[in-house]
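Heads up: the structure comes next, in structure tokens.
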Amino acid sequence: VLVYTTWPSVVEAEAAGRKIVERRLGACVNILPGMISHYWWQGAVERAEEAVMIVKTRASLADAVGAAVKAAHPYETAAIMVLPVDSLDRDYHAWIVAETGG
């Protein structure tokens, strides 16, 4: 699966992402800086510059990844979405499983 989340800065995303990889909850974390978000929050439309984090992991670890994100996240309500992967290269899948303690 892929776990998608957003962070208020690249610095915070990198710190959390590194811990996720070090704990072997994810084989890889991609951080994409420079995203602009418009969203409803507490009755008003807000705008924020954020960084996207995508964690490549196993479905069995998705809850643990979500918990790690919540524990490190400064937002009151963090965006945490688990996205299934319909197709995956066999060798890449084996690498993800190996690097997440599988």
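Below, the figures for the structure above:
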quantity: Range of Cα positions in segment 13-73 per principal axis (Å), largest first; calculated: 38, 21, 18
quantity: Diffusion constant of segment 38-93 at 4 °C, which comes from Stokes-Einstein with the Kirkwood Cα-pair radius and 1.567 mPa s, µm²/s; calculated: 94 µm²/s
quantity: Residue among 34, 15, 59 farthest towards the positive dipole end of the chain, charges placed on Cβ; calculated: 59
quantity: Rough spin-label spacing in nm, given labels placed 7 Å along Cα→Cβ, for residue 2 and residue 15; calculated: 2.7 nm
quantity: Dipole magnitude (debye, nearest 20) for the chain, charges at Cβ of Lys, Arg, Asp, Glu; calculated: 260 debye
quantity: Taking the chain and dividing mean pair separation by its residue count, relative contact order in percent (alpha carbons under 8 Å, at least six apart); calculated: 40 percent
quantity: Cα-only Debye scattering, the chain: base-10 log of I(q)/I(0) at q = 0.12, 0.20, 0.24, 0.25 Å⁻¹; calculated: -0.40, -0.97, -1.27, -1.35
quantity: In Å², nearest 10: area of residue 41 left accessible to a 1.4 Å probe; calculated: 90 Å²
quantity: Residue-averaged 222 nm ellipticity for the chain, from DSSP H runs of 4+ at -39500 (n - 2.57), nearest 500; calculated: -10000 deg cm²/dmol
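The values are calculated or read from the model by the stated rules, or taken from the named source; none is laboratory data. Small disclaimer: the values here were computed from a predicted structure and weren't measured. Don't worry about glycine lacking a Cβ; one is built from the backbone with ideal geometry, like all the others, and counts go over all protein chains shown. Accessible surface areas use protein heavy atoms only, side chains included; no ligands, DNA or RNA. Shrake-Rupley method; radii C 1.70, N 1.55, O 1.52, S 1.80 Å.
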